[in-house]
Structure formats: structure tokens, C-alpha cells
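Data first, discussion second: the structure below is written as C-alpha cells.
Nothing in this text is a laboratory measurement; each read-out follows from the coordinates by a stated rule. The structure presented is a predicted model; accordingly, all values stated were derived computationally and were not measured. Heads up, the Cβs are rebuilt from the backbone with ideal geometry, glycines too, and the neighbour counts pull from every protein chain shown.
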Amino acid sequence: MSLHLTKPLAFFDLETTGTNISTDRIVEIAIVKVMPSQEIIKKTQRINPTIPIPPEASMVHGIYDRDVADAPVFASVAHHLAQFLHQCDLAGFNHLRFDIPLLMKEFHMAGIEFSLHGRRLIDAQKIYHLMEPRTLAAAYKFYCGKELLDAHSAEADALATYEVLKAQIEKYSGKKIYDAKGNEIEPVKNDMDTLHKLTTDSIVDLAGRMIYNENKQEIFNFGKYKGQLVEEVLKKDQSYYDWIMKGDFPIDTKNKLTEIRLRGFNKK
């Protein structure tokens with residue numbers, strides 16, 4: 001099947017130093033430009049971000065400081081990239097919240113106006129989630145092959161979840177995948193300890209306001225200190241702890257934060 005295009009459609013993806021639009025930078029950009037004639041033109045460019053690439057980011061995309069040491073900075077290729085994307089619509093997978101804003105920031109820092117005016121934005125993830133809903137009823141249909149009657153009845157939903165879990169274990173037991181570090185793992189087993197670890201491995205508090213980094217250290221997952229070690233933030237900014245404790249945060253979040261704070265006191 002061919003895409004019905006009236007102008008070029010550029011599928012693009014970024015690899016970056018992190019997930020903070022304000023402070024992080026691009027380390028690689030890949031563009032697949034599909035022309036109305038269906039010709040495909042590819043361009044991939046490594047970028048020297050001018051700041052260190054954190055180890056946890058390198059573990060995800062496999063790009064280290066040494067790999068971009070001799071790469072051009074964004075400003076030196078910005079004009080060429082802007083020309084390549086000239087009059088293109090933009091497509092990606094969940095690219096609206098991060099990839100496009102970061103790309104626009106990089107162009108702005110390079111002194112080039114990169115406007116979205118007149119460009120159509122296509123997000124394949126939006127289509128995926130719309131057409132394949134991530135609901136209990138959808139899971140019940142997918143894993144069990146049955147329609148969920150009386151959806152949102154507590155008993156029906158609980159029984160459906162039980163059947164879904166059994167079907168998931170049957171479907172995925174023995175199936176191996178690769179984790180972020182490239183290690184082969186078997187994440188789904190008929191073992192509750194294993195499933196508990198799968199469910200909670202990366203989160204510190206139930207709301208996910210704090211998570212573990214690659215070194216199993218607690219970091220903030222929101223706000224102005226996102227990505228920073230919780231212990232270090234509590235040492236340098238006592239008011240942040242007070243703000244959370246007085247704020248509208250779940251009690252579990254406050255309890256976990258207090259545990260980390262007390263642990264820091266005990267180290268002194």
C-alpha cells in the first residue's frame with residue numbers, strides 16, 4: 001500500500017542526553033522522508049551535544065561521549081537539516097510532547113526559525129492507542145478471546161483480570177526479550193515474586209513520583225529536580241521536602257520520601 005501524500009512526510013526520531021526539554025540535547029537524529037512519488041530518502045546524523053551523555057541515557061541508545069566527540073554540533077548542520085525538512089509534514093511515534101519541542105529548541109538555539117505552521121503532524125502512537133485500546137475489556141478480548149459483559153461491574157472486572165493474568169502467563173512463559181542493557185531476560189513466569197518484580201521494579205512510590213535509575217538509586221520523576229538523586233536534592237533543598245509534605249501528594253509518596261530522608265540522616 002502506498003501513502004496518499006500531497007507533500008513529503010518526514011518520519012523522524014531523536015536520541016538524546018535525557019528527557020528534559022529545557023536542559024537536554026540531541027545526540028542523533030534520523031529522518032526517513034517519503035516523497036509523494038513514494039521515493040524514500042534517509043538521513044541519519046550523529047550530533048555532538050556539547051554536554052556529557054549520562055550513562056543511563058547511553059545504556060538506552062548505545063551512544064557514548066566517545067561516539068560523538070568528533071561529530072558536528074547541531075548549529076553546524078541545522079541549516080542543512082532545515083532544508084531537508086522544508087515543506088515536510090512530520091510523523092513519529094509519540095513525538096509531540098518531546099521530540100518536536102526539543103528539535104524546535106535546537107533550531108532556535110542555532111538561530112533558525114523552524115515553524116510548525118502549515119505542517120501536518122502524524123503520531124502513529126495515537127492511532128495505535130485509539131484502535132487498540134489499553135483497557136481491561138480490550139485485554140480480555142485479546143488474551144481470552146471473549147467479550148467482557150457487565151464491564152465496570154466490580155466482580156466481572158475482577159474475574160476478567162484473573163482470566164487475563166492466567167492467559168498472559170500461558171502466552172508469555174518461556175518467551176525471552178532484551179532489557180535496556182541488552183541482557184536477555186524472561187520477565188513473565190508463573191511465579192508471584194517474578195510478577196511482583198516486573199510490576200514494581202522501577203518505581204519507588206506507587207504514584208511513580210520517584211523511580212530507580214540504572215544504578216538502583218532513587219531519582220525524582222517529576223518537577224524541577226526530575227532525574228536528580230532524591231538524597232542529593234533533600235540535602236541541598238530542605239524546602240522541597242517541606243513543599244511535598246504539605247502538598248497534595250499521596251501518603252505513600254510522602255512516606256517513601258521520609259524514609260529516604262531519614263536514611264540520609266543516618267549516614268551522617
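Data for the structure
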{"read-out": "The range 202-268, relative contact order in percent, only Cα pairs under 8 angstrom and at least six apart counted", "value": "24"}
{"read-out": "Packing-based exposure ordering (other Cβ within 10 Å, fewest first) of K256, K181", "value": "K181, K256"}
{"read-out": "The chain - percent relative contact order, Cα under 8 Å, separation 6 or more", "value": "10"}
{"read-out": "For V27, distant residues with modelled amide H under 5 Å away", "value": "E15, T16, T17"}
{"read-out": "Förster radius 30 Å - calculated FRET efficiency between L229 and D67, Cβ distance, rounded to 0.05", "value": "0.70"}
{"read-out": "Vicinal HN-Hα couplings computed from phi for the range 18-26 (Karplus, 6.51 cos²θ - 1.76 cosθ + 1.60; Hz; Gly/Pro x)", "value": "x, 10, 9, 4, 6, 10, 8, 10, 7"}
{"read-out": "Phi to ³J(HN,Hα) by Karplus 6.51 cos²θ - 1.76 cosθ + 1.60 over the range 132-139, Hz, x for Gly, Pro", "value": "10, x, 9, 10, 4, 4, 5, 5"}
{"read-out": "Distance between modelled label sites at F98 and R120, nm, 7 Å Cα→Cβ extension", "value": "2.7"}
{"read-out": "Charge context of D89, other residues only, Cβ under 9 angstrom, K/R +1, D/E -1", "value": "+3"}
{"read-out": "Separation of alpha-carbon centers, the range 203-234 and the range 112-148, rounded to whole Å", "value": "28"}
{"read-out": "Prolate/oblate/rounded label for the chain (Cα gyration tensor, a/c 1.5)", "value": "oblate"}
{"read-out": "HN-Hα J in Hz across the range 192-207 - Karplus 6.51, -1.76, 1.60, θ = phi - 60°, x for Gly and Pro", "value": "5, 4, 5, 5, 5, 4, 4, 6, 10, 4, 9, 9, 8, 10, 5, 7"}
{"read-out": "DSSP bridge orientation in the range 9-126 - percent antiparallel, rounded to nearest 5", "value": "70"}
{"read-out": "The range 106-229 shape via C-alpha gyration tensor axes, a/c threshold 1.5", "value": "oblate"}
{"read-out": "Size of electric dipole in the chain: Cβ of Lys, Arg +1 and of Asp, Glu -1, about Cα centre, debye, nearest 20", "value": "420"}
{"read-out": "Rounded if a/c under 1.5, otherwise prolate or oblate - the range 202-268, Cα gyration tensor axes", "value": "rounded"}
{"read-out": "Label-point separation, A137 to H86 (7 Å along Cα→Cβ), nm", "value": "5.0"}
{"read-out": "Förster radius 25 Å - calculated FRET efficiency between L5 and H108 (Cβ-Cβ, nearest 0.05)", "value": "0.35"}
{"read-out": "Relative contact order of the range 1-137, defined on C-alpha pairs under 8 angstrom at six or more residues apart (%)", "value": "24"}
{"read-out": "Antiparallel DSSP beta bridges within the chain, as percent of all bridges there, nearest 5", "value": "75"}
{"read-out": "Stretchable slack from K146 to K181, in nm (0.36 nm times residue separation minus alpha-carbon distance)", "value": "8.9 nm"}
{"read-out": "Other-chain or far-sequence residues with amide H under 5 Å of I122's (modelled H)", "value": "L90, A91, G92"}
